[in-house]
1. Based on other C-beta atoms within 10 Å, arrange Arg191, Arg198, Arg165, Arg229 from fewest to most.
2. Restricted to Cα positions, what overall size does the range 133-211 have along the principal axes? Three whole-Å values, descending.
3. Near Arg178, within a Cβ-to-Cβ distance under 9 Å, what is the net charge of the other residues, with Lys and Arg +1 and Asp and Glu -1?
4. Can you sort Lys125, Lys42, Lys133 so the residue with the fewest Cβ neighbours within 10 Å comes first?
5. Nearest-5 percent of antiparallel DSSP beta bridges in the range 131-283?
6. log₁₀ I(q)/I(0) of the range 200-269 at q = 0.15, 0.17, 0.18, 0.20 Å⁻¹, via Debye over equal Cα point scatterers, no solvent, to two decimals?
7. When the chain is fully extended, how far beyond the present Cα-Cα distance does Ser190 get from Leu44, taking 0.36 nm per residue of separation?
8. Could you give each residue of the range 220-236 its phi-based ³J(HN,Hα) in whole Hz, using Karplus coefficients 6.51, -1.76, 1.60 with θ = phi - 60°, and x for Gly or Pro?
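Nothing in this text is a laboratory measurement; each read-out follows from the coordinates by a stated rule. Since this is a predicted model, take the numbers as computed values, not measurements. Cβ coordinates were reconstructed from backbone atoms using ideal geometry, including for glycine residues, and neighbour counts include every protein chain displayed.
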Amino acid sequence: MVDTTKEGQPVKKLLIILLTIVVAAFPQATHAQEQVGSLTVKKLPTTLDSPGMHPVAFELTGDTLAAPVVLRSDTDTVRFSDLAPGIYTVRELPTHVGDVARLSIAPTTVTIPRGGLYDVIIGPKPQPLTLLKTADVTSIQPGGDFTYTLDGTVPLPDINGQLHRYILRDALPYGVARTDTGLVSVSLESRGASVGLRAGEHYTVSHQDDPVVRAVFTDSGLDLLARERTANAGLVVRFTFSVKAADSLPVGSQILNIASLYPDGYPENGGDSVRSNEHSIWVVQPGAPSPTTIPAGKTTTPTSTATSTAGSATPTAGSATPTPTTGAVTAPADTTPRENTTRSSGLASTGASILGFITVGLLLSAIGLTIILRGRRE
């Protein structure tokens, strides 16, 4: 008969201690298993990038990171590992140098789920450059004044934080001319805030008698533009100018117009550009109701925004990709990130649990051995 009094007390204490260790081992193993995840970012190809897709650099930020993590690769892919569950933001960093065309991805938010080892894979498409042309009216009477607005996005500066060209160009259509003392302004628009630029210091504008309206950023303006674009990927340059419709414009006709943007990689004499939508204003007879005034950058009817989309070739001799013809409108590229959240197999995700089971097995073996030896002595 087994003694359960004084001689049995050490065995009971040993069993209690061992069981306590076993119970404590399971939550720690489970916790360690949840704190593992990875994020793979693959930049999708585009023929626009004159220096090619490689190399790439991405910055990862998130509440669980003490500091931003930057990875660079000579391929089109980077992999962030050992990530705790949480929400992260991926931002592309520049890798090109000089006056070349290079599209970047828009900042992308990604979630690493809880409950296991997850490998999240995203393939965001490059963010296209766009130029939107609008007017403050939808119709005009012969001899009437109105205002054009051009809204252009801005490419990512190079690794030196520099932009080398930014020109907005609008060849005015027949029957439209700049006004003598009309409005001319250039501003930077970002998240509802507007910063006005100074003529002569940040940009220059062509003479009012020139039928081609050009706003050209100076070196000082390009420096400011590069700093603002580095801080905000959604930055927009807004160029607004007043024009006058000729008295001779026939009633019932349309004023059609397409503007152009020449950023880095697009020399103005190179024959290619970022083209705007084709804008239209109807000419109505005198005495008709006054045209509706529209705020700058707004439009009352849907318009297609022409873009330098993926697949639009960089200006090079012998390029197989056709240059859009005047008036052509290209649909924007799909910039929706492609996210694939994959939970690893049970074998790959049980590293912490295996250690726990080994510990439990050793402890149980020790318990069994102790009981056997105790029984033999009795």
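1. If I rank by nearby Cβ atoms, fewest first, I get Arg191, Arg198, Arg165, Arg229.
2. Principal-axis extents of the Cα atoms in the range 133-211, largest first: 50, 28, 20 Å.
3. Net of charged neighbours comes to -2.
4. Lys42, Lys125, Lys133
5. In the range 131-283, DSSP labels about 95 percent of beta bridges as antiparallel.
6. After summing over all Cα pairs, the log10 values are -0.69, -0.83, -0.90, -1.03.
7. Stretched fully, the Ser190-Leu44 segment lengthens by 49.9 nm.
8. Taking θ as phi minus 60°, the curve returns 5, x, 5, 4, 5, 4, 5, 5, 5, 5, 4, 7, 8, 5, x, 4, 10 Hz for the range 220-236.
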